[in-house]
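K.L.:
Encoded as structure tokens, here's the structure I'll be asking about.
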Amino acid sequence: MRHAALLLLLFAACHPRPAPVAPVPAAPPATAAPQPLPQDAGTLAAPQAPDAGAPARPITLLAGGDVTLGHNHQKYFDEQLAKGRSREELLAYGFKEVRALGDAADLFVVNLECPFTEGGEKLAKNFNFRARPELVGALIAGGVDVVSLANNHLMDYGPQGLVDTLVALEAARIPYFGAGRNLAEARRPAIVTVGGVRVALLGYFFLGERNIEPPEVYATESTPGVAGHFSDVDVMERMLREDILAARARADVVLPFFHWGREGTYVPEPYQVRLAHAAIDAGAAGVLGSHPHVLQAMELYRGAPVVYSLGNFVFGGNWNPRDKRGALWKGRFGPGGYLSSEVLPLRTDRFPDFPFQPVPVSGEAAEEVLRLLADSSRTMERMLPELEPWARPSPSPGIQGRE
């Protein structure tokens, strides 16, 4: 995070990452965990940066989709290391082509969809991802400021995997949100002050009635996991409204980051729309989303943006995804909330030469991404205004230059 004063509800913050001070006592460890989380993993206050007292200015937040640094990404890392490439080069590899975009923003947030662990017990489910803790260095090399942990893979190696992930992120001074030793901690936001604007980030995993993940993924009052609910949208909405209301008392801008929707679908499910609108009705300045592994609609609701799915980003879960259209979303916020946004089209990879390495695109490739987003947003009452030019049909050769 650049030129930022940091107040984090989970631990002290990102680059530059000063030593933490005055830890607030954490909640008792979860009885279901094989070992408790470190007692300094609770609220930490960071020393204020020199510009903390400066007047608030508009800030930019850059959001990316699903990041999986384990599985195929880790295999590629090891193969290339064996061929003589340096560890430093490989840690920087995934974010190499988008690093400049992250550096140009005040805050860079992504969904981290794998635990950092070599231990734990594999959870019985369809796919299990994990990465060695050293690969947290890819987030550092990529300039990532904050990560959401609220997704269906954070608990792939059980409570021990979650513990190891939090330890790795804390050692790297990368703030996280959306998971914890119990539900109260998982629902706790990360609050970051940057440019005089206080931003609260909340994370939730919710798939509605089509949830095929085991219930153990979710935190309870006494067991670790991610924030959200297994299937009840009414419970999920109540939780969301309560958390936004509490966060609004402490922050200027509140942004929930959801892991939701059906994989491979470009149009949001009705429950996604319901929860997004409920979040904004409750006071959120916008809503972010991921999980479908493809892009979904971008909406403007009551003057606030809803980014339903940003698709794959640095995603090691698939060597060669069929749909390589991706995007980063850049939003401008002030103390009063949302101001404007920009959609930055990507190609998610260039397999086989450059797997798992997203790259910005322009020209026809960028237009294809923007038209996809405009098409998937047609069901919304109003799509994000930045997409509206791409909702019009392309002019035919016979009427170029005419209305």
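The values are calculated or read from the model by the stated rules, or taken from the named source; none is laboratory data. Every value quoted in this text rests on a predicted model; they were computed, and no experiment measured them. With ideal geometry, Cβ positions are generated from the backbone for all residues, glycine too; neighbour counts draw on all protein chains shown.
K.L.:
Checking the conditions here, which among Gly161, Gly119, Gly178, Gly143 is surrounded by fewer than 21 Cβ atoms within 10 Å (Cβ to Cβ) and touching a residue at least 40 places away in the same chain (Cβ under 8 Å)?
P.N.:
Values: Gly161 fails: surrounded by fewer than 21 Cβ atoms within 10 Å (Cβ to Cβ); Gly178 fails: surrounded by fewer than 21 Cβ atoms within 10 Å (Cβ to Cβ); Gly143 fails: surrounded by fewer than 21 Cβ atoms within 10 Å (Cβ to Cβ).
None of the others qualify; the one that does is Gly119.
K.L.:
How many residues, within segment 116-162, are part of a helix (DSSP H, G or I), acidic (Asp, Glu) and closer than 12 Å to Val217 by Cβ? Quick ask: steps written out before the conclusion?
P.N.:
Here is the first cut: in segment 116-162, the ones part of a helix (DSSP H, G or I) are 133-141, 158-162.
Adding the requirement that they be acidic (Asp, Glu) leaves 134.
Those left that are additionally closer than 12 Å to Val217 by Cβ: none.
Matching residues across segment 116-162 total 0.
K.L.:
Also: Within segment 69-95, track down each residue that is surrounded by 17 or more Cβ atoms within 10 Å (Cβ to Cβ) and part of a loop (DSSP other than H, G, I, E, B).
P.N.:
Of everything in segment 69-95, those that are surrounded by 17 or more Cβ atoms within 10 Å (Cβ to Cβ) and part of a loop (DSSP other than H, G, I, E, B) turn out to be Leu69, Gly70, His71, Gly94, Phe95.
K.L.:
Could you say whether any residue in segment 331-349 is of a type in the set (Phe, Trp, Tyr), in contact with a Ser or Thr (Cβ under 7 Å, 6 or more places away or on another chain) and crowded, with 18+ Cβ neighbours inside 10 Å? Don't jump to the end; show me each part of the working.
P.N.:
Just the residues of segment 331-349 that are of a type in the set (Phe, Trp, Tyr), to begin with: 333, 338.
Those left that are additionally in contact with a Ser or Thr (Cβ under 7 Å, 6 or more places away or on another chain): none.
No, the conditions are met nowhere in segment 331-349.
K.L.:
Residue pairs, Cβ under 9 Å, 6 or more apart or interchain, first in segment 254-274 and within 13 Å of His293 (Cα to Cα), second among the basic types (Lys, Arg) and part of a helix (DSSP H, G or I). List them.
P.N.:
Every condition considered, the pairs that remain are Arg262/Arg210.
K.L.:
Please verify whether Val110 is of a type in the set (Val, Ile, Thr), farther than 30 Å from Thr220 by Cα and modelled with pLDDT of 50 or more, treating the condition exactly as stated.
P.N.:
Details: of a type in the set (Val, Ile, Thr): yes; farther than 30 Å from Thr220 by Cα: no; modelled with pLDDT of 50 or more: yes.
In short, no.
K.L.:
In addition: For residues in segment 180-210 being among the small types (Gly, Ala, Ser) and in contact with a Ser or Thr (Cβ under 8 Å, 6 or more places away or on another chain), which is farthest from Val233 (Cα to Cα)?
P.N.:
Kept after step one, since they are among the small types (Gly, Ala, Ser), are these residues of segment 180-210: 180, 184, 186, 190, 195-196, 200, 203, 208.
Keeping just the survivors that are in contact with a Ser or Thr (Cβ under 8 Å, 6 or more places away or on another chain) gives 203, 208.
On the way: Gly203: 15, Gly208: 6 Å.
The selected residue is Gly203.
K.L.:
Within segment 218-258, how many residues are out of contact with any strand residue (DSSP E or B) (no Cβ under 6 Å at 6 or more places or on another chain) and outside any loop (DSSP other than H, G, I, E, B)?
P.N.:
Qualifying residue count for the region: 12.
K.L.:
Consider segment 321-363. How many of its residues are in a strand (DSSP E or B), closer than 24 Å to Ala92 by Cα and within 20 Å of the chain's Cα centre (by Cα)? Before the answer, list the steps.
P.N.:
Step one: list which residues in segment 321-363 are in a strand (DSSP E or B), which gives 325-334, 337-347, 350, 354, 359-360.
Okay, now just the ones that are also closer than 24 Å to Ala92 by Cα, so 325-330, 343-347, 350, 354, 359-360.
In the following step, the residues that additionally are within 20 Å of the chain's Cα centre (by Cα) were identified as 325-330, 343-347, 359-360.
Residues in segment 321-363 being in a strand (DSSP E or B), closer than 24 Å to Ala92 by Cα and within 20 Å of the chain's Cα centre (by Cα): 13 in total.
K.L.:
Kindly indicate whether any position in segment 186-195 is buried (at least 24 other Cβ atoms within 10 Å of the Cβ), assigned to a helix (DSSP H, G or I) and not acidic (Asp, Glu).
P.N.:
The answer is yes, given that some residue of segment 186-195 is buried (at least 24 other Cβ atoms within 10 Å of the Cβ), assigned to a helix (DSSP H, G or I) and not acidic (Asp, Glu).
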